[in-house]
Structure formats: C-alpha cells, structure tokens
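*Asks:* Here it is: the structure, laid out below.
The values are calculated or read from the model by the stated rules, or taken from the named source; none is laboratory data. These figures come from a predicted structure and were not determined experimentally. Cβ placement follows ideal geometry from the backbone for every residue including glycine, while neighbour counts extend to all protein chains displayed. Side chains are part of the model used for accessible areas, which takes the heavy atoms of the whole protein and leaves out ligands, DNA and RNA. Shrake-Rupley method; radii C 1.70, N 1.55, O 1.52, S 1.80 Å.
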Amino acid sequence: MAEIIVVTSGKGGVGKTTSSASIATGIARRGKKVAVIDFDVGLRNLDLIMGCERRVVYDFVNVVHGEASLKQALIKDKRYDSLFVLAASQTRDKDALTKEGVEKVLKDLADDGFDYIVCDSPAGIEKGAFLAMYFADKAVVVVNPEVSSVRDSDRILGLLASKTRRAETGEGEVTAYLLLTRYSPQRVENGEMLSITDVEEVLGLKTIGVVPESGDVLNASNKGEPVIMDAESNAGQAYDDAVARLLGEQRPMRFTQLEKKGFFSKLFGG
C-alpha cells in the first residue's frame, strides 16, 4: 500500500509547494517510488519548482476526467528514476476535481507500485485543499512562525481531525507533523517571531523540521530544482533532516539557535 502524505497549511505563501517538492525528492533519493501531485487547479507551480514545466502535456484533471491515462500524464523526473510529477491544470476551475476521480488516481498509483504519494495542497479550505487531505495517512503542516499563519493552520488541524476518510471511517486521525519554514533565530530572540515552542504549544504538534530563512530557496526554485538538492545550503540540509524524521530516523534539530560568536568575530565585528 502506498502511504499518502498531504503537505498543507491554512495560509498561502508559506512554502507548501517548495516543501512538497523537497519532501518527494528526499524520499525518492532513499530509493522509494514517489509520485508528487499538484492539487492547486488553476494556478500550478509544482512543475516549475520540479523543473519539468515544458514537459507537461496532460495533467491531473485530464486523468480524473478520463481524457488521458495516468501513464500519459505522469512526468518522470530527470534526476531520479523513481520520482514522478503529476501537474495541475492551469485552465480548469477548482471544481474540476471530484472525490471519486481523486480516489481512482490514488488507487491506480498504489496499484502501480508507488511507495509514497505526496499531495501538494492549495492554501485554505476550498475544494482542492479538502480533496488533497481527504485520503491522507500523514499530514505535514507548513507554518511560518507568525500569528496569522499559526491561527490559519489551527483551522486546518480541525479539518484533518474531522473531515478526512480516516476520521469518517473511525480508522484514527491523520498523523500530523509541524514543518516550520522561514525561521530566524535572530528574529525570535528580538521578539519579532514566534519560537518553535510557541508554535508547538498553540498547535499541539511535534516539529518534524525547521527550515531557516534563506535566499537559497528562491534561487533553487528559479533554477527548477528542489532546494533539498542543494546540499551546501542550510535550507537543503534542513529539508533532508525533515524527510529523515518523517521516515522514522532520529536526527538532532539544527538551525534553531543563534550561532555564538567566537572571540575573533567579536573583536573584528564579524
């Protein structure tokens, strides 16, 4: 059985698609067969971040409506043979997805030997977001350490607890994890940003990863590469840590503390 992971949040612009791309790539790098699906019908960004936008011929909606087969629509990643992208449609509206259609696509992927299916959810609580989370086994809730992002994510947690197939069938709740993005220890110390503990206490979730504020994320997106592939960057390393924890490995949390300045740094103002 394929494990279905939804990457979700209440607020837009917090890094869901960046996170979906890096999580899917990180799992595929460990030898698992992974499909990552863009549920953001009408917008579509996942294919850009994955660097396959020019190869999109058929999309998720085409498959749901029987206008193309799953094989025709899945785009194989050029870097990892076990990683596939299913792009969203840019020309349909958000009602183009149906629960039955999404269920069939997920079942067909599982039957085709996929180990993991990563669902890149649109922001908020509209239909695409609901369908992205409905069939999930696990949820990665992406949050910026600010009050509005945390508050909106609290609403998403309510939906995960009550409006998913697991909740309806009594199989138990979707296991949810917290992924903090754009984290700055300096701003936390200055009182300009919520701390990890603050966010954990409000949402009642365990943190699976802390991705530091970094220009490397934008640079990677512009190049069409998931930032997890940049092993030199703190953001890439943080995503790799998060994937490891998601798969059950123990890793210490990095990039959460202010770096202590050494004697010479203090002396020369570095």
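*Asks:* Give me the accessible area per residue for segment 72-190, probe 1.4 Å, as a whole number in Å².
*Replies:* Counting only protein heavy atoms, the per-residue value for segment 72-190 is 44 Å².
*Asks:* Okay, moving on. Quickly rank 205-216, 240-251 as a protection proxy: mean count of other C-beta atoms within 10 Å, highest first.
*Replies:* 205-216, 240-251
*Asks:* Also, I was wondering about something else. Taking the simple approach of a point 7 Å from Cα along Cα-to-Cβ for both E173 and K99, what is their distance in nm?
*Replies:* Rounded to a tenth, the inter-label distance reads 2.2 nm.
*Asks:* Let me ask something additional. For segment 3-247, give the share of DSSP beta bridges that are antiparallel, in percent and rounded to the nearest 5; count only bridges with both residues there.
*Replies:* Values: 2 of 30 bridges.
Beta bridges within segment 3-247, antiparallel portion: roughly 5 percent.
*Asks:* Give me the extension gain from N222 to E189: residue separation times 0.36 nm, minus the current Cα-Cα distance, reported in nm with one decimal.
*Replies:* The span from N222 to E189 would gain 8.8 nm if fully extended.
*Asks:* Using a 1.4 angstrom probe on heavy atoms only, work out the carbon and sulfur share of the accessible area of the chain in %.
*Replies:* Solvent-exposed carbon and sulfur of the chain make up 48 percent of the total.
*Asks:* Moving to a separate point now. With every atom except the alpha carbons ignored, what do you get for Rg and Dmax of the chain, in angstroms?
*Replies:* 18.5, 68
*Asks:* Could you tell me which of A139, F255, A35 has its Cα farthest along the dipole of the chain towards the positive end, charges placed at Cβ (Lys, Arg +1; Asp, Glu -1), taken about the Cα centre?
*Replies:* Of A139, F255, A35, it is F255.
*Asks:* For K11, which lysines qualify as cross-link partners when the Cα separation must be under 22 Å and same-chain residues fewer than eight apart are set aside?
*Replies:* K11 reaches K94, K127, K138, K163, K206.
*Asks:* Tell me the relative contact order for the chain as a rounded percent, counting alpha carbon contacts under 8 Å between residues six or more apart.
*Replies:* Details: 550 pairs, mean separation 63.2, N = 270.
This gives 23 percent for the chain.
*Asks:* How far apart, in nm, are the 7 Å Cα→Cβ label points at M253 and D198?
*Replies:* Going by the 7 Å Cα→Cβ label model, 1.4 nm.
*Asks:* Can you give me the long-range amide H partners of Y177? Hydrogens built in the peptide plane at 1.01 Å from N, cutoff under 5 Å, separation of 5 or more residues or another chain.
*Replies:* A139, V140, V141
*Asks:* Rounded, prolate or oblate: which fits segment 1-146, taking a ≥ b ≥ c as square roots of the Cα gyration tensor eigenvalues, rounded meaning a/c under 1.5, else prolate when a/b beats b/c?
*Replies:* Judged from the Cα gyration tensor, segment 1-146 comes out rounded (a/c under 1.5).
*Asks:* Less than 13 Å Cβ to Cβ from M229, Lys/Arg counted +1 and Asp/Glu -1: what total charge do the surrounding residues give?
*Replies:* Working: positive: R29, K78, R79, K223; negative: D77, D216, E225, D230, E232, D240.
Overall, the nearby charge balance is -2.
*Asks:* If we count every other residue with Cβ under 11 angstrom of V174's Cβ, Lys/Arg +1 and Asp/Glu -1, where does the sum land?
*Replies:* Once all neighbours under 11 Å are counted, the net charge is +1.
*Asks:* Per the Cauchy relation, a quarter of the hull surface: what is the mean projected area of the convex hull of the alpha carbons in segment 150-267, in nm²?
*Replies:* 10.0
*Asks:* Taking amide hydrogens as modeled 1.01 Å from N in the peptide plane, which residues meet the under 5 Å criterion relative to Y183, leaving out close sequence neighbours?
*Replies:* For Y183, whose amide H was placed from the backbone, the distant partners under 5 Å are V211, E213.
*Asks:* In the neighborhood of A73, defined by Cβ-to-Cβ distances under 12 Å, what is the net charge if each Lys or Arg adds +1 and each Asp or Glu adds -1?
*Replies:* Within the 12 Å Cβ shell, the charges total -2.
*Asks:* Cut-off 17 Å, label point 7 angstrom out along Cα-to-Cβ of K163: give me the residues of segment 74-95 whose amide nitrogen falls inside.
*Replies:* Within reach of a label on K163, which here means backbone N under 17 Å from a point 7 Å along Cα→Cβ, segment 74-95 contributes 94-95.
*Asks:* Okay, moving on. Please name which of G191, L106, A2 has its Cα lying farthest along the dipole of the chain towards the positive end, using unit charges on Cβ (Lys, Arg +1; Asp, Glu -1) and the Cα centre as origin.
*Replies:* G191
*Asks:* Would you mind getting me the FRET efficiency between R54 and R30? Use the beta-carbon distance for r and R0 = 22 Å, nearest 0.05.
*Replies:* Once the sixth-power term is evaluated, E becomes 0.20.
*Asks:* Now for a separate question. Cross-link candidates for K223: which lysines have Cα within less than 16 Å, leaving aside residues fewer than 8 places away along the same chain?
*Replies:* K223 reaches K78.
*Asks:* Here is a further query. Quick one: Karplus J couplings for segment 194-211, per residue in order, coefficients 6.51, -1.76, 1.60, θ = phi - 60°, nearest Hz, x for Gly and Pro?
*Replies:* 5, 7, 4, 4, 4, 5, 4, 5, 5, 8, x, 10, 8, 6, 9, x, 10, 9
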